[in-house]
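**Student:** Below you'll find the structure I mean.
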Amino acid sequence: MATLSIDRRSGKTSGYNIQWYEDKRRRTIHLGSRRYSKKTAERLQEVVEKLLYYRRNGIIVPDKATEHWLQNAPACIKSKLAKMGLITVNEPKTCQSLWDTFLKHKNVKPKTVKGYLDSQRQFFTMFSPSEPIEKITSDRLLEWKTALLDRFAVSSVALHLTNIKAVLNWAVRRDWLPKSPAKDIASGSFANEDKDRTISMAEYAKLLEACPNQEWRTIIALARIGGLRCPSELQRLKWSDIDRARNRFLVHSTKTERHENHRRRVVPLFSELWMELDRLFSLSETSDSEYVIRGFQGTSWTLGDPFQKIADRAELGTIERPFDNMRMSRSNEVFERWGPAKENLWIGHSEAVRRKHYKGELSDESFAEAAGIDLGAPKTHAKSHARVW
């Protein structure tokens with residue numbers, strides 16, 4: 001049984017003690033009178049007696065009145081009861097702990113982690129790292145979205161919101177939140193038409209003329225004619241991936257490799273592309289190279305600035321997102337000339353799109369046509385090399 005006693009100092013009440021014996025030891029909860037009234041001390045005494053009774057009798061869930069009182073009790077009271085082992089207090093989940101735990105358990109590529117960290121920085125412009133995650137409400141997220149739209153493009157805001165939704169959905173799966181406050185908030189469009197730009201074949205020719213070397217000519221050809229993602233697919237391309245005898249080459253895609261049977265795709269050796277690859281292959285400095293593009297191996301593959309210098313020399317002005325736009329330009333050409341099925345396969349789309357638009361395998365004639373080869377004509381070799389494909 002718990003008892004309530006009054007601490008007196010110099011004849012004045014200095015606090016209240018709730019005491020009981022357990023395992024032959026006296027246990028004491030002290031409440032200072034400046035913070036706690038006698039009424040609060042008496043109510044806490046009743047709660048302690050009930051909790052002791054429940055524990056002795058193996059009762060896990062207390063009565064509703066006691067449970068309600070505990071839920072609404074100040075954190076310092078809960079801490080005192082937890083210190084005595086009468087209740088278990090779960091540490092509140094904060095915004096910072098949410099992000100830290102999410103990133104710790106998220107198995108994604110470094111580039112994706114970088115995107116999450118950028119979204120985290122923007123998230124903390126509205127939400128404090130130390131505040132409980134229960135304070136992340138739909139209204140505050142909408143306010144945050146509005147503030148971001150004043151500073152960033154719609155596509156950038158859409159990416160941040162998509163990342164936040166992933167974090168909050170993860171919290172729901174971990175039972176940290178009952179539901180996601182971002183569920184009914186539209187992320188917006190990822191498209192940024194202001195930066196879309198078709199790079200015509202005439203401009204492609206000017207870019208090639210302005211390149212400082214053959215390697216850069218090949219980089220631009222792989223992006224504009226081959227439709228490769230740069231730098232992720234470009235940096236993994238090896239000479240052994242190029243099958244000249246069958247007019248095709250193999251592309252390894254890091255972006256889609258998490259999807260089953262979509263880690264790589266086969267692309268035709270388009271005649272314009274083969275011309276640049278053949279020139280690069282014939283150079284003496286490539287004789288011991290495993291990778292097609294060797295100059296950037298072991299670097300950060302920062303291609304934007306050197307490309308813009310080439311564009312300036314070609315008098316094309318500033319080209320934003322150049323490699324995305326070259327890939328998009330090629331995608332449109334392939335779609336118009338060879339149809340949606342081959343565009344999905346060669347440029348690299350989801351398996352669901354492939355199944356929807358095209359069934360079966362492409363013939364050798366399809367690859368030969370794209371490479372500008374007439375299979376009925378006799379084979380000739382304009383130039384022989386010490387190395388063979």
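The values are calculated or read from the model by the stated rules, or taken from the named source; none is laboratory data. Just so it is clear, the model here is predicted, and its values are computed rather than measured. Backbone-built Cβ (ideal geometry, glycine too); neighbour counts: all protein chains shown.
**Student:** With farther than 30 Å from MET126 by Cβ, touching a Phe, Trp or Tyr at 6+ places or on another chain (Cβ under 6 Å) and either surrounded by 12 or more Cβ atoms within 10 Å (Cβ to Cβ) or among the charged types (D, E, K, R) (or both) as the only criterion, which of ARG55, ARG35, ARG43, ARG27 stands out?
**Tutor:** Exactly one of ARG55, ARG35, ARG43, ARG27 is farther than 30 Å from MET126 by Cβ, touching a Phe, Trp or Tyr at 6+ places or on another chain (Cβ under 6 Å) and either surrounded by 12 or more Cβ atoms within 10 Å (Cβ to Cβ) or among the charged types (D, E, K, R) (or both), namely ARG27.
**Student:** Among the candidates LEU86, LEU4, LEU52, which residue alone is more than 30 Å from ILE133 (Cα to Cα) and not in a helix (DSSP H, G or I)?
**Tutor:** Only one candidate qualifies: LEU4.
**Student:** Looking for something in the same structural domain as GLY298 (by TED's automatic domain parsing), in a helix (DSSP H, G or I), within 15 Å of ARG327 (Cα to Cα) and aliphatic (A, V, I, L, M) - is there at least one such residue anywhere in region 260-283?
**Tutor:** The answer is yes, given that some residue of region 260-283 is in the same structural domain as GLY298 (by TED's automatic domain parsing), in a helix (DSSP H, G or I), within 15 Å of ARG327 (Cα to Cα) and aliphatic (A, V, I, L, M).
**Student:** Give region 31-62 a look and list any residue that's modelled with pLDDT of 85 or more, in contact with a Lys or Arg (Cβ under 9 Å, 6 or more places away or on another chain) and over 11 Å from ILE18 (Cα atoms), or say none.
**Tutor:** None - no residue of region 31-62 is modelled with pLDDT of 85 or more, in contact with a Lys or Arg (Cβ under 9 Å, 6 or more places away or on another chain) and over 11 Å from ILE18 (Cα atoms), so the list stays empty.
**Student:** What residue, among those in region 65-115 that are of a type in the set (S, T, N, Q) and at pLDDT 90 or above, is farthest from the chain's Cα centre (by Cα)?
**Tutor:** THR94
**Student:** Residue check: is ASP118 modelled with pLDDT of 90 or more, part of a helix (DSSP H, G or I) and surrounded by fewer than 14 Cβ atoms within 10 Å (Cβ to Cβ)?
**Tutor:** no
**Student:** Still on this model: Answer with yes or no whether HIS68 is in a helix (DSSP H, G or I), out of contact with any Phe, Trp or Tyr (no Cβ under 7 Å at 6 or more places or on another chain) and within 30 Å of ILE29 (Cβ to Cβ).
**Tutor:** So HIS68 fits the description; yes.
**Student:** Identify all residues within region 165-184 that are over 30 Å from SER331 (Cβ atoms) and modelled with pLDDT of 90 or more; write none if there are none.
**Tutor:** VAL167, LEU168, ASN169, TRP170, ALA171, VAL172, ARG173, LYS179, SER180, PRO181, ALA182 - these are the residues of region 165-184 that are over 30 Å from SER331 (Cβ atoms) and modelled with pLDDT of 90 or more.
**Student:** Taking the stated definitions as given, is THR198 in a loop (DSSP other than H, G, I, E, B) and either surrounded by fewer than 18 Cβ atoms within 10 Å (Cβ to Cβ) or among the polar types (S, T, N, Q) (or both)?
**Tutor:** When the stated conditions are applied, THR198 passes them.
**Student:** Filter region 121-147 down to residues that are in a loop (DSSP other than H, G, I, E, B) and either of a type in the set (S, T, N, Q) or under 24 Å from ALA75 (Cβ atoms) (or both), then give me how many there are.
**Tutor:** Qualifying residue count, region 121-147: 9.
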